[in-house]
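Novice: Have a look at the structure that comes next, please.
Each reported figure results from applying straightforward, stated rules to the coordinates on display, with no laboratory input. If you're wondering where the values come from, they're calculated on a predicted model, not measured in any experiment. Note: ideal-geometry Cβ built from the backbone for every residue, glycine included; neighbour counts use all protein chains shown.
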Amino acid sequence: MVACLRLSHKITVQANLVALALLCLCVLTSKLDAKEIAKAVENPELKSAVTLYDAGRNWAALPILQRATESTPEDYQSWLYLARVFQNIGKLDKAVASYDKYLALAPKGEERDKYLAFMDVLKSQLASKKKAVASKAPGEYLSLVTPNGVFKWAREKMPITVFIGSGSKVPGYSTDFDEAFRSALDEWEMKSNGLVTFKIVDSPDKSDMDVTWTDNLHSKALSAEAGNTSIICGAQGILKARMTLLTIDPFERGRARGKRQLRNICLHEIGHALGLNGHSGYPEDIMHSQLIVQDGVSPRDLNTLKMLYSESTKPE
Ligand SMILES: [Zn+2]
């Protein structure tokens, strides 16, 4: 028997314990040189993408560059920017494929030679990343995240529609939050091999999942917490998920959060919204109750999600 249920989760972040380990896959170079920018902005289709890229908004620039490379596939500058965006968001395989396109189209010269040499570095990074992922120990914690029963999105609900509210009027908010949230959705989708999929929509009326931002440390639901997610379930599974994320750090009296910490908070809350209704006992998992040492969704988080979404794990 399944009635309408409402579940709630909170997450505590000990900001003073946040580890200093940083992902260093995408820091080789961050900006294109002035000559390249001048060439790119001659193409009006690229202008807005370049502006977003320069502002560090890789996720916002991505769909524009994908459209540009589809509409004018012979424009090597579009491929170069697309490659750099993929590199910056850690999608090395797609970065390599886009650099290949750029190299095939770009005129011979010093600039092209620079990227040709850089491809070797990128390819070796890609190989070592694949090896590292394969060597991590498996495991799962399904029983810890189903203490009140099994709750998940039905297959036919995919892609889950997501509305990301604007926080532009909320103190502490920056576009980094929007980038972090989009990046976190993509990480769950990619790492789960499409077991869960998302589609960003422009209105909360059409959404299955929404996120809003607040700086209210005294809100009852958020007191000393970084995020709060509630889900509403029906007979077919989860019907709606609502997330509220704090734009400022409760432990640092209004200080803005770091990008890595933001992404981890988003990943964790999305995990709850997907039905991981509890916390892992392992500190390196994104579903651990304290976000201290995590570096994204772990193999154990993924195994748990796969078990939850397998046909044999049924709502009771
Ligand atoms: Zn939590």
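Novice: In segment 62-120, what trypsin sites (Lys or Arg not before Pro) fall in a loop by DSSP, with at most 16 other Cβ atoms inside 10 Å? Can you show the working numbers first?
Specialist: Details: sites: Arg67, Arg84, Lys91, Lys94, Lys101, Lys108, Arg112, Lys114; in loops: Lys91, Lys108.
Listed in order of number, the matching sites are Lys108.
Novice: Something else now. Calculate how large, on average over all directions, the projected area of the Cα convex hull of segment 144-198 is; give the answer in nm² to one decimal. Each step should come with its number before you reach the end.
Specialist: Values: hull surface 21.9 nm².
Averaged projected hull area, Cα only: 5.5 nm².
Novice: Going down the list Lys199/Lys306; Lys91/Lys314; Lys130/Lys191; Lys152/Lys199; Lys191/Lys259; Lys199/Lys240, which pairs span over 23 Å between their C-alpha atoms?
Specialist: Values: Lys199/Lys306 20 Å; Lys91/Lys314 34 Å; Lys130/Lys191 12 Å; Lys152/Lys199 17 Å; Lys191/Lys259 20 Å; Lys199/Lys240 14 Å.
As for pairs spanning more than 23 Å Cα to Cα, those are Lys91/Lys314.
Novice: Sorted from largest to smallest, which semi-axis lengths in Å does the alpha carbon gyration tensor of segment 262-316 give for its equivalent ellipsoid, taking the root of 5 times each eigenvalue?
Specialist: Working: eigenvalues 84, 24, 17 Å².
So the three semi-axes of segment 262-316 are 20, 11, 9 Å.
Novice: Something else about it: How large is the Kirkwood hydrodynamic radius of segment 43-134, counting all unique pairs of alpha carbons, in Å?
Specialist: Values: mean 1/r = 0.0740 Å⁻¹.
By the Kirkwood definition, the hydrodynamic radius is 13.5 Å.
Novice: A follow-up question, please. Normalised by the number of residues in segment 43-134, what is the relative contact order in percent for Cα pairs under 8 Å and 6+ residues apart?
Specialist: Computed over segment 43-134, the figure is 20 percent.
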